[in-house]
1. For the stretch 8-167, what is the relative contact order in percent, using Cα pairs closer than 8 Å and at least 6 residues apart in sequence?
2. Roughly how many debye, to the nearest 20, is the charge dipole of the chain about its Cα centre, given +1 on each Lys and Arg Cβ, -1 on each Asp and Glu Cβ, and no other charges?
3. Please rank Met109, Met135, Met125, fewest neighbouring Cβ atoms within 10 Å first, as an exposure proxy.
4. Only bridges with both residues in the stretch 170-273 count here: give the DSSP antiparallel percent, nearest 5.
5. Counting other Cβ atoms within 10 Å, which trypsin sites (Lys or Arg not before Pro) in the stretch 150-199 have at most 10 and lie in a DSSP loop?
6. Neighbour counts of other C-beta atoms within 10 Å: give me His258, His92, His247 arranged from fewest to most.
7. With a sphere of radius 14 Å drawn around the Cβ of His183, what net charge do the other residues whose Cβ falls strictly inside it have (Lys, Arg +1; Asp, Glu -1)?
8. Counting only C-alpha contacts under 8 Å and six or more residues apart, can you give the relative contact order of the chain as a whole percent?
Amino acid sequence: MIPAGRPLCVLLISAMLLATGCSSRPTYPKAHLAESLQALLKSDHLNASVRFIDHTLAVHLNFPGTLAQNGLQIGIGPAFDEATRKLITAIHRTLLSSDADVRFYVLLMSDPQVPGAYLTLVRYMDDVRRANAQMLDTPEIFARTVVELNFLGPQGLTIDQYVPRDIQLEEFLSWQLARRIQHQLTEELQTVGIANVGRCGGKFQNGEFAFTLDVAPATPAPLDEATIQKVFLSSTNVIAKVLSSYHFEGFEAVRLIHASTGRSLLLPKTRLELLR
């Protein structure tokens, strides 16, 4: 887990506030986008792999000191802040001054001293532009950023393997929503000792969002009915609010699954729209 006290959101937001040029001609044409970004990063002493697929830009940086390991715990290292600031600044500089229709960018960060550990950051470029126009505040843009730290095993991982195809908006929303639901349930249930909240999962398939809710009792007694209903209601409210903010209509239903009991709730889109 990334330490809660780490000023990661401040770093990500400050790197985002990059002025764009006024020229009508793109500074970084689509045809040379990946090469231009790679050269820009190299000038900052960051040798990164860059891949541009359809509407997704993916960057992999393997840099010493970006991650740290303490026993079984993996976190961010002393070089993380500076490397991330340079990466995000370069990415925004190129994407906001390019004619390429890039909708998402993915950062994959690893450390040769901590093999198998990877930090992933995914952003939607429309969110970046809205933040630059001060249409999103700092907590909201950070909530819209998918950040994950995983241990994927000692075998090497390339950016081509990690991002094999273009990212779709519904996929991104399922990842973002899973994390926002987990955060909301942690605030409402775990911080007051009602339940323990683990990692929530999200996916989109055949027109349906499905979210697995890892909420377990904090005591030997099973969760009571009121708590289970609160889990479903809080999750539903988060989903309705976020999908509405993105004006996303390309789905038919939302399914919520409570992992420990196997209980589920299916919400057709029409019912979810009543909560917006």
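1. Once divided by the residue count of the stretch 8-167, the mean separation gives 27 percent.
2. 220 debye
3. Details: Met109 24, Met135 11, Met125 19.
By the 10 Å Cβ count, ascending: Met135, Met125, Met109.
4. 70 percent
5. Arg165
6. His247, His258, His92
7. 0
8. Computed over the chain, the figure is 14 percent.
Every read-out reported here was derived from the displayed coordinates using simple, explicitly stated rules and does not represent laboratory data. Note that the coordinates shown come from a computational prediction; the quantities given were computed from them, not determined experimentally. Because the Cβ atoms are built from the backbone with ideal geometry, glycine has one as well, and the counts that use them run over all protein chains shown.
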